[in-house]
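To start, the structure under review is shown below, and the notes come after it.
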2 protein chains.
Amino acid sequence: MGTDNAPAEDVRGAVEALSDGRRGAGQFELILIGDQAAIERELAKHQGVDRSRISVVHASDVIAMDDEPAQAVRSKRESSLVRGVMLHKDGAADAFVSAGNTGAVMAASTFILGRLPGISRPTIASQFPAANGFTIVADVGANVDTKPKNLYEFAVMTSVYAEEIFGYRNPTVGLLNVGEEEGKGEERAVQAYELLKGSRLNFVGNVEGRDILKGTVRVVICDGFTGNIILKFAESVPGLLRSKLGGYAETGLLAKLRLGLAKGALKSVFREMDYQEYGGVPLLGVNGVSIIGHGGSSAKAVKNMIFKAEEMVRKEVNSRIGEALSGA
Amino acid sequence: MGTDNAPAEDVRGAVEALSDGRRGAGQFELILIGDQAAIERELAKHQGVDRSRISVVHASDVIAMDDEPAQAVRSKRESSLVRGVMLHKDGAADAFVSAGNTGAVMAASTFILGRLPGISRPTIASQFPAANGFTIVADVGANVDTKPKNLYEFAVMTSVYAEEIFGYRNPTVGLLNVGEEEGKGEERAVQAYELLKGSRLNFVGNVEGRDILKGTVRVVICDGFTGNIILKFAESVPGLLRSKLGGYAETGLLAKLRLGLAKGALKSVFREMDYQEYGGVPLLGVNGVSIIGHGGSSAKAVKNMIFKAEEMVRKEVNSRIGEALSGA
């Protein structure tokens, strides 16, 4: 019931995930949680659905996008969101995926699943396009008041995520700061620098705002306030360019042609920044697999979220995080 | 002696500023400070320089880009940078302009000129392109550990700057945060919200990372850590797009043509983000006019920095800030 067009997009995404023979993806079954009648109506619209791999669990309530997250999780026990996380907690599901209220997914996952041993705060890591692949940035908004110790934990979790899911061996880690020299920046950053320097991570030191897109390092660590603002800033870049290019388009046929070509070329660049393509992001650090998607997710994004969840389970990312924390 | 190609670019920029009959700009004279022989050699390369409007003051030392700012300002009293700020302090100049070591320009300006009454911390405001003009963001790096009170002062100064220099009447002000609702974000933001809400400013509430380029408000206020990272992130966007577009260009002649056209169209968008075009940024809140430029400034950027300084003086921005603070 999570997307803005729920349950239609969510169901279509699930059906497409089942029929998509993605290379490397294991076998999986899906449980759809929400208004049973509405979900069945949507399922009936699709041909050849393998019902042996898809089941429906009824939930009578829904957490809305504008519900206050922690309160909604406490009071709406019959919501699809809380029911879904409970199914995962109870072992009936190996992972949970939702494009619903982000704060509520975080709150429910953290409260119900609990945290991994050694992790004080879960984090959200998001990918940014870089000249040489992707830069993985965390935290992009799971936390507000971040402590130096949290930054160290984010770095451990995101390094494992970058290695297991993106295939970057022993990924380089940078601490986002206002200058490269040790001792730069606010007190939190100075203290986090020391923790990272003394760790087993491939820590290369401070990096600056420009290093994210340059791809100077594979993993960039920052507090959730800064990270959230950068993520939303980055997401608004394509819109500005489209609007500016549109503005110039009034000057004649040739200019229009030129702009059409420019937009076509840009589209392939922006695709790498598009959450519809890469699906959701995992909430790293909870004792389970919880994938968070945009409310605006299309069926394609839902499908990609499901594959992300399957990959997180198959590659045992949480076990790898545990090993990295204990230095195994 | 500030630019990477000093004094050649600096002198060329000064000469071009004198001969540029910019609309609305007042009459001004220039004092070039630095290695006298080197400056005279550069001046001699230009034709028809009006020497009644340009003079040279010798300074035997230079603060380098990698000098530790505060220490360099204290120990290098004969540097062009310190001499220049002293000339302004003593009234021999109405403004100071430098493309040298940014930290040293800030330190020298703050220590030597002092702060405006009612201002505890100076700020740097920078412009970002938006769909409907520019968004002015402060602080973009003058401060590291920012207090709520500082954020309020940044908002007052940047509102005046946006009104006087950009012509935005009673500009809307937003507080950069991770959500729009009051009470969102870290403690600093929550407290700053209250100060701004109770002020005479045209405060509209919290804004998010995406609102900078959308142009939701004219003035966006944030701590110097976050602002500096966003500024540098934004400056790296054109580089990423060029690199991505370049990567696609290996697929044939037609594709190359298409990409050339795309780059041409993008160029006019990126021009609005280019410091070479708008010159430097003022250090708002010091008792004087101090314009800070990139080390990579071309003659054109130097020229535009001079015009920015002239405009700041002519429009008496500091008097307007004083009035805004006192509620006059």
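The values are calculated or read from the model by the stated rules, or taken from the named source; none is laboratory data. Predicted model only: the values in this text are computed from it and were never measured. All Cβ positions, glycine included, derive from the backbone under ideal geometry; neighbour counts span all protein chains shown. These accessible areas exclude ligands, DNA and RNA; they are computed on the full protein's heavy atoms, side chains included. Shrake-Rupley method; radii C 1.70, N 1.55, O 1.52, S 1.80 Å.
On the basis of being modelled with pLDDT of 95 or more, open to solvent by 40 Å² or more (accessible area, probe 1.4 Å) and not polar (S, T, N, Q), does B:Arg258 make the cut? Criteria not met by B:Arg258.
To keep it simple, each residue is scored yes or no on (1) over 23 Å from A:Arg77 (Cα atoms); (2) open to solvent by 60 Å² or more (accessible area, probe 1.4 Å).
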| residue | (1), (2) |
| --- | --- |
| A:Pro7 | no, no |
| A:Ser19 | yes, yes |
| A:Gln27 | yes, yes |
| A:Leu32 | no, no |
| A:Gln36 | no, yes |
| A:Ala44 | yes, yes |
| A:Val57 | no, no |
| A:Ser60 | no, yes |
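Regarding B:Val137, is this residue part of a strand (DSSP E or B), within 14 Å of chain A (Cβ to nearest Cβ) and not basic (Lys, Arg)? Yes: the conditions hold for B:Val137.
Beta carbons closer than 9 Å, at least 6 apart along the sequence or on distinct chains, pair a first residue in segment B:103-123 that is within 20 Å of B:Glu323 (Cβ to Cβ) with a second that is open to solvent by 20 Å² or more (accessible area, probe 1.4 Å) and of a type in the set (Val, Ile, Thr) for B:Arg121/B:Thr110; B:Pro122/B:Thr110. Taking segment B:226-239 as the range and being open to solvent by 10 Å² or more (accessible area, probe 1.4 Å), in a helix (DSSP H, G or I) and either within 28 Å of B:Lys147 (Cα to Cα) or facing another protein chain (nearest Cβ under 8 Å) (or both) as the test, the residues that pass are B:Asn228, B:Leu231, B:Lys232, B:Glu235, B:Val237, B:Gly239. Number of residues in segment A:78-89 that are open to solvent by 40 Å² or more (accessible area, probe 1.4 Å) and farther than 20 Å from A:Asn287 by Cα equals 1. Applying the criterion of being over 26 Å from the mean Cα position of the chain (by Cα) and not acidic (Asp, Glu) to the residues of segment B:152-197, the residue that is surrounded by the most Cβ atoms within 10 Å (Cβ to Cβ) is B:Gly185.
Does segment B:198-223 hold any residues that are surrounded by 24 or more Cβ atoms within 10 Å (Cβ to Cβ) and facing chain A (nearest Cβ under 9 Å), and which are they? Result: B:Gly209, B:Ile212, B:Leu213, B:Cys222, B:Asp223. For segment A:179-197, the set of residues classified as of a type in the set (Asp, Glu) and within 8 Å of chain B (Cβ to nearest Cβ) consists of A:Glu186, A:Glu187, listed by residue number. Would it be correct to say that A:Ala59 is among the hydrophobic types (A, V, I, L, M, F, W, C) and closer than 21 Å to A:Thr123 by Cα? Spelling it out, it is not the case that A:Ala59 is among the hydrophobic types (A, V, I, L, M, F, W, C) and closer than 21 Å to A:Thr123 by Cα.
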